[in-house]
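First the structure, in the form of structure tokens, and then the observations on it.
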Amino acid sequence: MKCRVCRGPAIIDVRRHNANFCVEHFIEQCERQVTKAIDAFSMIAPGERVLVAVSGGKDSLALWDLLHRLGHHAEGLYLGLGIGEYSDESGVYARDFAAARGLVLHEVDLRRDYGYDVPRAAAATRRVPCSACGLSKRHLFDEVARQGNFDVVATGHNLDDEAAVLFGNVLRWQTEYLARQMPVLPAGNGFPRKVKPLVRLSEREMAAYCIVTGIDYQVEECPMAAGNSHLGYKEALNSIEERSPGTKHDFYFGFLDRAAEAFREGLAQDAAALSSCRDCGAPTPSDRCAFCRLVERSGGRLPEHDGHDPATATGTPVILGRRERP
Ligand code: Q46
Ligand code: ZN
Ligand code: ZN
């Protein structure tokens, strides 16, 4: 197996591109794919401040690393979800990554800062943990981006993730979700822009990227994910991809090119009716946002804000929305 670029020994085959790469040219290939996604979808303009949603897993750490290599101003945000050992360990990977590279990592801990955690919220709402977890993440990424004057929030969703979500949404014709399933959601109504710069790279490539660049990451999957339908969709697509390399890419990018536009009308209507949450000020269609209601139902509390501007932080983790450090 020879590298497509230099003919030296290859360390990975990327079947959908019908190409093999050595370490150096594989890293270049990853950089090129991220640059291509950023340019094609106008994800990040030069000089913009990027907040990377960091879970401690391979995708988010690879994304942070790639954005940093490509010269973007990228700070991380780690959310402590309170999911037992998984969360404790994930936090360590995120902190170690940031410390080794001198990057700024912001942290919010649900239990410490808001008095609840994902398992407790799931029990209180009697819904699957991912529902309370997703709501908390979306709200807190937006809030920290607003407080820190970030232009854009970047998440580590890769091609496998996006194709699996698309597959699930198509199977049930979830038109509202299909309207929002874009690699970029523009800023508006108090929300920062959301971008997914890894959409042109697969899960396997991100794991390989971490290995060849020496990124230590949380290998365990979140224990709450076990048995969820998303994993089933990934498995189904993997078996199709195995037989027909490139199918995931064609499915996802074909949707973006030829079908996504048709689902977008509803989005503009949703956005038109937003006001400010009376408790936290976040944009919401009702008087209180879904996050504040979740915190209350879970027996938690909102932190008191001290007006501290996280954007001034350098090199050290910053705890947002708290008067005191622990
Ligand atoms: S962290 Fe949260 Fe995921 Fe765990 S509880 Fe579900 S949504 S699976 S990416
Ligand atoms: Zn090479
Ligand atoms: Zn609120």
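Condition first: more than 7 Å from ligand 3 (Cβ to nearest atom), within 16 Å of residue 137 (Cα to Cα) and modelled with pLDDT under 95. Now tell me which residues in the stretch 270-292 satisfy that.
Selection gives 283 alone.
Among the listed residues 175, 213, identify the single one that is of a type in the set (S, T, N, Q), at pLDDT 95 or above and surrounded by fewer than 20 Cβ atoms within 10 Å (Cβ to Cβ).
Numbers: 175 fails: at pLDDT 95 or above.
None of the other options fit; the residue is 213.
Go through (1) part of a helix (DSSP H, G or I); (2) within 17 Å of the chain's Cα centre (by Cα) one by one and return the number of the condition residue 178 breaks.
Against the list (1) part of a helix (DSSP H, G or I); (2) within 17 Å of the chain's Cα centre (by Cα), residue 178 comes up short only on (2).
Looking at 51, 70, can you tell me which residue is surrounded by 16 or more Cβ atoms within 10 Å (Cβ to Cβ) and either more than 16 Å from ligand 3 (Cβ to nearest atom) or under 17 Å from residue 303 (Cβ atoms) (or both)?
Working: 70 fails: surrounded by 16 or more Cβ atoms within 10 Å (Cβ to Cβ).
Going through 51, 70 in turn, just one is surrounded by 16 or more Cβ atoms within 10 Å (Cβ to Cβ) and either more than 16 Å from ligand 3 (Cβ to nearest atom) or under 17 Å from residue 303 (Cβ atoms) (or both): 51.
Here is a list: 237, 231. Which entry is among the aliphatic types (A, V, I, L, M), more than 16 Å from ligand 2 (Cβ to nearest atom) and surrounded by 17 or more Cβ atoms within 10 Å (Cβ to Cβ)?
Values: 231 fails: surrounded by 17 or more Cβ atoms within 10 Å (Cβ to Cβ).
Result of the check over 237, 231: 237.
Check residue 226 against each of (1) modelled with pLDDT of 95 or more; (2) among the small types (Gly, Ala, Ser); (3) over 21 Å from residue 20 (Cβ atoms) and name the one condition it does not meet.
Residue 226 satisfies all of (1) modelled with pLDDT of 95 or more; (2) among the small types (Gly, Ala, Ser); (3) over 21 Å from residue 20 (Cβ atoms) except (1).
Can you tell me which residues in the stretch 273-291 are free of Cβ contacts under 8 Å to residues at least 60 places away in the same chain and part of a loop (DSSP other than H, G, I, E, B)? Give the steps one after another, and end with the answer.
In the first step, residues of the stretch 273-291 are kept if they are free of Cβ contacts under 8 Å to residues at least 60 places away in the same chain; the result is 273, 275, 277-279, 281, 284-288.
Scanning the stretch 273-291 gives 273, 277, 278, 279, 281, 285, 286, 287, 288.
If a residue must be touching a residue at least 60 places away in the same chain (Cβ under 8 Å), surrounded by fewer than 22 Cβ atoms within 10 Å (Cβ to Cβ) and more than 25 Å from residue 302 (Cα to Cα), how many such residues does the stretch 90-102 contain?
So the answer is 2.
Out of all the residues in the stretch 103-125, which are of a type in the set (D, E, K, R) and either assigned to a helix (DSSP H, G or I) or within 15 Å of ligand 1 (Cβ to nearest atom) (or both)?
Answer for the stretch 103-125, where residues must be of a type in the set (D, E, K, R) and either assigned to a helix (DSSP H, G or I) or within 15 Å of ligand 1 (Cβ to nearest atom) (or both): 109, 111, 112, 113, 117, 120.
Is there a residue being within 16 Å of ligand 1 (Cβ to nearest atom) and either in contact (Cβ under 8 Å) with a residue 24 or more places away in the chain or among the aliphatic types (A, V, I, L, M) (or both) anywhere in the stretch 243-259? Please lay out each step first, then the result.
If we filter the stretch 243-259 for residues that are within 16 Å of ligand 1 (Cβ to nearest atom), which is where we start, we get none.
No, the stretch 243-259 has no match at all.
The values are calculated or read from the model by the stated rules, or taken from the named source; none is laboratory data. The structure presented is a predicted model; accordingly, all values stated were derived computationally and were not measured. Note: ideal-geometry Cβ built from the backbone for every residue, glycine included; neighbour counts use all protein chains shown.
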